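Step one of this worksheet: look at the structure below.
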Amino acid sequence: MKLHKSLLSVLAFSMVVNLSAQTNEMVIQTKKLGAEIQPTMYGLFFEDINYGADGGLYAELVKNRSFEFPQNLMGWKTFGKVTLHDDGPFERNPHYVRLASPGHAHKRTGIENEGYFGIGVKQGEDYRFSVWARLPESGAASKIRVELVKTNSNGEHHAFAAQDLVIDSEEWKKYQVILKPNMTEAKSVLRIFLDSQVAVDLEHVSLFPVDTWKGHENGLRKDLAQALADIKPGVFRFPGGCIVEGTDLETRYDWKKSVGPVENRPLNENRWHYTFPHRFYPDYFQSYGLGFYEFFLLSEEIGAEPLPVVSCGLACQFQNEDMHAHVPVGELNNYVQDALDLIEFANGDVNTKWGKLRADMGHPAPFNLKFIGIGNEQWGPEYPERLEPFVKAIRKAYPDIQIIGSSGPNSEGEQFDYLWPEMKRLKVDLVDEHFYRPESWFLSQGARYDNYDRKGPKVFAGEYACHGRGKKWNHFNAALLEAAFMTGLERNADIVHMATYAPLFAHVEGWQWRPDMIWFDNLNCVRTVSYYVQQLFAHNKGSNVLSLSMNKKPVTGAEGQNGLFASAAWENSDNTIIVKVVNTSDKSQPVAFKFEGLKKNDVLSGGKCIKLRSQDLDKDNTIEQPNAIIPQETVITIDGHYLNTELEPHTFAVYKFTKNSR
Ligand code: AHR
């Protein structure tokens, strides 16, 4: 049978159209290296929200260890003859308790601490109990008994770790003893009995696991710090967030109060204890035990550039419309000086005032600080007019330090449009953008940075997460859309220099905000799918952008691109080509990669593909099932310089090939 010629050509044409519609051929130009991808590109943002520091990363197990909460005995039970005093050895934490004999051999005096949602300890591990103590009167020594106690379902108490401690001096001294639990328990209490007729004074009652991150005594929870290190973050922003600003200026994060001997760091109110009335945590305070020294040290130990943020003299603007709540522009000197002193604390010679303090705390070498953020989510003219004196002073004293300004709490809109030009006028180095947005926003922002002004400040996507509409909690689809959005960050690495998901941590029993990247209880931690998205980008970052296009256009999820997002990079250290593709659609997509610009004798070998996928879009990893959705790696081979493959629905995939010459 003979087909008419014009019918044949129509058939041929429609086959071509169908094929090109189906194959999603992505062309990767390998010859010309694009922008350098900054080492800081994928990082971490830490804030003490959701019990992220006290009760979380900071490994202290005793709550209100210095009896300085406004209700001095909050977190403690007392029994027998216990009195509170306020002339203790630490000027900024003057309170302590006195345990006196109840006057009868069968009676008891003591105190009991509830910890943070209980005290979690593990069988076979060592826990360092320490206390500052003295005898209030001269004479014989006294003795206390220290126990970890579990209460069973019948209400019976069982001490499963116990030690005696003799207090033998009228002078305040630090005593310590190791507790060795013979069982694992998530919700024990710490009980301290007076085990003598002689009274004792107790202050700064503390219990730490001996096995902290890197073994530091005033240390961090090892599993949580390890999760941070395992990201291989390029930058570490701290200490917040709104925490930086405070509900009022008095409660802003004051870095100077967070350094020096830990016993004398004063208590600060944590604004997240009352921010959301439906998630009210009246016992949420900041001990400052995890202070700026510890933040700098952690940054160094996880290989990230430290990025401290300081108050610009504006208390939280969400909570303070009255301008009297803020520091008048002409009176910012102390705040500006705090920023300068912070740079000296991090980088100064050991003979400078603040450099010496750093050295005295154990780190004579500088921390090599390169960035500083001034203000968090600030807005309105009140922000630039306060930022200006900081910029002038820092530029003058430390011209090499890069300054980060804010574009306000929103990803677009009036405040954002006002602040960006202001940040350009003030010539800050980077502008911090925040976006907690729904699915539709993430799907529409693949090309967000494509048309940004290349001559002004760089972008720091300092806080972002997909907050699903009606699903404001961790789930696979939210993480997938974050991955899709991140391909746009990567394609624009010439202007986007840093990005940090937020918030980082949440205690399953004490959260105020979700989704979050890492969840934990008193014994376990779980890495969410969002965590693995961040990790896949950070581990497969590449040193330079490669141009990737489909029908000559970047793959941004735009119409006609079948819900696909993609970016490509080159890694100089090991000659690797990295292609990241996100299929946000509910259909399997045939995808082809055409690597252009390779020589005939260039071979692509060692191919692998790492995929993150789930059929259940609402699912995420949990404490019970921490590995429900984790990246899966397979070996792939490529035919010459062309790969034909298939990408399942709702999948984030990273393809890698090593380039060698035959
Ligand atoms: O990440 C939680 C909060 O979100 C931060 O404290 C603040 O900067 C933003 O509003």
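Details
- The stretch 254-312 - percent of accessible surface contributed by carbon and sulfur, probe 1.4 Å: 57 percent
- The stretch between residue 509 and residue 636 holds 41.4 nm of extra length on full extension. This uses 0.36 nm per residue minus the Cα-Cα distance.
- Efficiency of FRET between residue 645 and residue 107 - r from beta-carbon atoms, R0 60 angstrom, step 0.05: 0.20
- Between residue 592 and residue 123, the contour length at 0.36 nm per residue exceeds the alpha carbon distance by 163.6 nm.
- Around the Cα centre of the stretch 459-560, unit charges on the Cβ atoms of Lys, Arg, Asp and Glu (plus for the first two, minus for the last two) sum to a dipole of about 300 debye.
- Amide H contacts under 5 Å for residue 286: 268, 269, 270, restricted to partners 5 or more places along the chain or on a different chain, H placed in the peptide plane at 1.01 Å from N.
- Put simply, the C-alpha atoms of the stretch 216-271 give a gyration tensor, and the ellipsoid matching it has half-axes of 24, 17, 9 Å, longest first.
- Reach of residue 122 by Cα under 30 Å, taken over lysines that are not fewer than 8 positions away in the same chain: 63, 77, 143, 150, 173, 174, 180, 187, 214, 222, 232, 619
- Environment charge of residue 219, counting only residues whose C-beta is closer than 12 Å and scoring Lys/Arg +1, Asp/Glu -1: -1
- 5 Å binning of all Cα-Cα separations within the stretch 85-243, expressed as whole percents from 0 upward: 2, 8, 14, 18, 17, 15, 12, 7, 4, 2, 1, 0, 0
- The stretch 393-455, accessible surface, carbon-and-sulfur percent (1.4 angstrom probe): 51 percent
- Karplus 3J(HN,Hα) series, Hz, for the stretch 399-408 with 6.51 cos²θ - 1.76 cosθ + 1.60 (x for Gly, Pro): x, 7, 6, 8, 9, 10, x, 10, 10, x
- Packing-based ranking, highest mean first, of 581-589, 67-75, 622-630, 487-495 given that Cβ atoms within 10 Å are counted: 487-495, 581-589, 67-75, 622-630
- For the stretch 260-306, applying the loop criterion from DSSP together with a ceiling of 13 other beta carbons within 10 Å to the chymotrypsin sites (Phe, Trp or Tyr not before Pro) yields 280.
- ³J(HN,Hα), Karplus 6.51/-1.76/1.60, whole Hz, each residue of the stretch 268-276, x for Gly, Pro: 10, 6, 9, 4, 6, 6, 10, 4, 10
- Karplus (6.51, -1.76, 1.60) ³J(HN,Hα), θ = phi - 60°, over the stretch 387-392, in Hz, Gly and Pro reported as x: 5, 3, x, 5, 4, 4
- The simple spin-label model puts a point 7 Å past each Cα toward its Cβ; for residue 35 and residue 558 those points are separated by 1.7 nm.
- Stokes-Einstein D (µm²/s) once Rh is taken as the Kirkwood radius of the stretch 353-417 over alpha-carbon pairs, at 4 °C in 1.567 mPa s: 93 µm²/s
- For the stretch 516-571 versus the stretch 205-222, the gap between their alpha-carbon centres in whole angstrom: 34 Å
- For the pair residue 217 and residue 572, label points projected 7 Å from Cα toward Cβ lie 4.4 nm apart.
- Kirkwood radius and radius of gyration were both taken over the C-alpha atoms of the chain, and their ratio Rg/Rh is 1.05.
- Size of charge dipole - the chain - debye, nearest 20, with Cβ of Lys, Arg +1 and Asp, Glu -1, no other charges: 2300 debye
- Carbon/sulfur fraction of accessible area - the stretch 47-144, other protein chains in place, 1.4 Å, %: 45 percent
- Packing-based order for 438-450, 324-336, using average beta carbon neighbours within 10 Å, highest first: 438-450, 324-336
- When the helices of the chain are scored as -39500 (n - 2.57) per DSSP H run of n ≥ 4 and the total is divided over every residue, the value at 222 nm lands at -5500 deg cm²/dmol.
- C-alpha center-to-center spacing [the stretch 383-421, the stretch 60-97] in angstrom: 41 Å
- On the beta carbon distance between residue 523 and residue 169, with R0 = 45 Å, the FRET formula returns roughly 0.80.
- Residue-normalised accessible area of the chain, given per residue in Å² at a 1.4 Å probe: 41 Å²
- Close Lys pairs in the stretch 415-553, defined as Cα atoms under 14 Å apart and 8 or more places apart or on different chains, number 4.
- With K and R counted +1 and D and E -1, the other residues having a Cβ less than 12 Å from that of residue 29 yield a net charge of +3.
- Rounded FRET efficiency, nearest 0.05, which uses the C-beta distance separating residue 624 from residue 153 and R0 of 22 Å: 0.60
- Selection from 325, 152, 236, by position along the positive dipole direction of the chain (Cβ): 236
- A full extension of the chain between residue 396 and residue 274 corresponds to an added length of 39.9 nm, given 0.36 nm per residue minus the alpha carbon distance.
The values are calculated or read from the model by the stated rules, or taken from the named source; none is laboratory data. Bear in mind the structure is a predicted one, so any value in this text is a computation, not a measurement. Neighbour counts are summed over all protein chains in view; Cβ atoms, including those assigned to glycine, are modelled from backbone coordinates with ideal geometry. Each accessible area value is taken on the protein alone, full model and side chains, heavy atoms only, with ligands, DNA and RNA left out. Shrake-Rupley method; radii C 1.70, N 1.55, O 1.52, S 1.80 Å.
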